[in-house]
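Novice: Before anything else, here's the structure in question.
What follows is calculated from the coordinates using simple rules that are stated; it is not laboratory data. Just so it is clear, the structure is predicted and the values come from calculations on it, not from any experiment. Quick reminder, even Gly has a Cβ in these numbers, built from the backbone with ideal geometry, and neighbours come from all protein chains shown.
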Amino acid sequence: MTPVHARRARRLAQVFNALIGRRALGAAVAATLAAALPAAAQTAPPKRVVATFTVLADMAQNVAGTAALVESLTKPGAEIHDYEPTPLDVVRAQAADLVLWNGMGLERWFERFFSRVNNVRSAVLTEGVAPIGIGEGPYRNQPNPHAWMSPSIALVYVENIRKALAALDPPNAAVYAANAAAYAAQIRAVDARLKERLAALPADRRVLATCEGAFSYLTRDYAMREAYLWPINAEDEGTPRQVRALIDTVRRSRVPVVFCESTVNDRPIRQVAREAGVRYGGALYVDSLTGPDGPAPTYLKLLETNADIILRGFFGNQATR
Ligand SMILES: [Zn+2]
């Protein structure tokens, strides 16, 4: 009997388990595979972690490394504020050892969803983050949930993920700590690069004008101001009043460019660009990663890609690198 055979059997069972999302059947397959292969020394299979959206899943996978399997409930490109979980999502969460979510009101569907899941741990990744309030609209004064858009706050997320994984899986605590430290170093490096690159924006026009008010944390970090059509993805997106107000702001602040987000309709912001006579700079990535072939397949790439898009919007192609 070789440990390699045993590992392969467990790995196949995990993959099967992940595909069908049902622990009981996965266990049956594991037993069958184990019977077909020589008996193995018992070691625990990797823990299974489910995150509510792709950004959190990517962060968690970086901390987990190969010691735990991480998947996202929502797909790349999905709308995440008002996502409607499917029965299969409940099954996937129920089969997980740990569910990670953002909190601060981001996932308006989460608490109802999670009430249908029994005896699974969860961790809220904004624990300990000092929130910026939402400035207007029906969610006024509630926390703006897009805290991961600040790389320095992302370090808090990473630490919360590390703590949750270590509590779940103490034998691998040192692995998670090492992975978290390495990933935190990468985040700090990207943060430093973004500070340097975005310093090039003109002092009197450092306004990031977008569709959703999702950049409060990012603009605070990089000494910019924020303008948007609607404060947070909800019912009212791109009303005539919101369009008029942003056109006024864009004219007043003499911003040369406006942006949108990849997960929402860009028609109203294009109208702003047309009527204010400024460029439409394209979609930034906030609430969702892209697939592996897109421009924002990981959280770190999301940050770098957004900086590229912002700089290109302000200066044209010569300013990006
Ligand atoms: Zn959002």
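Novice: Using the Karplus curve 6.51 cos²θ - 1.76 cosθ + 1.60 with θ = phi - 60°, work out ³J(HN,Hα) for each residue of region 102-110 in order, rounded to whole Hz, and write x for Gly and Pro.
Specialist: 7, x, 6, x, 5, 8, 5, 8, 5
Novice: Would you mind giving the three semi-axes, in whole Å and largest first, of the ellipsoid equivalent to region 43-179 according to its Cα gyration tensor?
Specialist: In descending order the semi-axes read 25, 19, 12 Å.
Novice: What is the angle, in °, between the Cα long axis of helix 3-20 and the longest principal axis of the Cα atoms in the chain? Nearest 10 is fine, range 0 to 90.
Specialist: That helix lies at roughly 50 degrees to the long axis.
Novice: About its Cα centre, what dipole magnitude does the chain give when the only charges are +1 on Lys and Arg Cβ and -1 on Asp and Glu Cβ, stated in debye to the nearest 20?
Specialist: The calculation lands at about 560 debye.
Novice: Pairing the Cα long axis of helix 267-276 with the longest principal axis of the chain, what angle in degrees results, from 0 to 90 and rounded to the nearest 10?
Specialist: The angle comes out near 30 degrees.
Novice: Given a Förster distance of 56 angstrom, what is the FRET efficiency for Arg244 paired with Ala178, based on the Cβ-Cβ distance and rounded to 0.05?
Specialist: 0.60
Novice: Further, regarding this structure: Packing-wise, with mean Cβ within 10 Å as the measure, how do 174-185, 62-73 rank, highest first?
Specialist: 62-73, 174-185
Novice: In whole Hz, with x marking every Gly and Pro, tabulate ³J(HN,Hα) for region 143-150 from phi via Karplus 6.51 cos²θ - 1.76 cosθ + 1.60, θ = phi - 60°.
Specialist: Going residue by residue, I get x, 6, x, 7, 5, 5, 5, 9 Hz, with x marking Gly and Pro.
Novice: Per the Debye formula with a single identical scatterer at each Cα and no solvent contribution, what log10 I(q)/I(0) holds for the chain at q = 0.09, 0.14, 0.15 Å⁻¹?
Specialist: Listed by q, the Debye log ratios stand at -0.51, -1.07, -1.19.
Novice: Round to a whole angstrom and tell me the spacing of the C-alpha centers of region 184-239 and region 94-127.
Specialist: Using only Cα atoms to place each centre, the spacing works out to 27 Å.
Novice: Another question, then. Would you please give the residues with an amide H less than 5 Å from that of Ser122, counting only those at least 5 places away or on a separate chain, with H modeled from the backbone geometry?
Specialist: Val99
Novice: Expressed in nm to one decimal, what extension gain is obtained for the pair Arg121 and Arg251 from 0.36 nm per residue of sequence separation less their Cα-Cα distance?
Specialist: My answer for the length gained is 41.9 nm.
Novice: Please state, to two decimals, what the Cα-based radius of gyration of region 127-245 comes to when divided by 2.2 N^0.38 Å (N = residues).
Specialist: Ratio of Rg to 2.2 N^0.38 Å for region 127-245: 1.30.
Novice: Thinking of region 180-223 as a set of Cα atoms, what percent of all their pairs are more than 14 Å apart?
Specialist: 58 percent
Novice: When each pair of different Cα atoms in region 227-321 is counted once in the 1/r mean, what is the Kirkwood radius in angstroms, to one decimal?
Specialist: 14.0 Å
Novice: Looking at the calculated P(r) for region 44-93, what percent of the C-alpha pair distances fall above 14 Å?
Specialist: The answer is 52 percent, as a whole percent.
Novice: How high is the FRET efficiency between Glu159 and Arg274 when r is their beta carbon distance and R₀ equals 51 Å, given to the nearest 0.05?
Specialist: 0.70
Novice: Could you work out how far helix 240-253 tilts from the main Cα principal axis of the chain, as a 0 to 90 degree angle to the nearest 10?
Specialist: Between helix and principal axis, roughly 70 degrees.
Novice: Shape call for region 72-134 from the C-alpha gyration tensor, a ≥ b ≥ c root eigenvalues: rounded (a/c under 1.5), prolate (a/b greater than b/c) or oblate?
Specialist: oblate
Novice: Kindly provide the helix-only [θ] at 222 nm of the chain, computed as the sum of -39,500 (n - 2.57) over DSSP H runs of four or more divided by all residues, to the nearest 500 deg cm²/dmol?
Specialist: Only helices count here, giving -14500 deg cm²/dmol.
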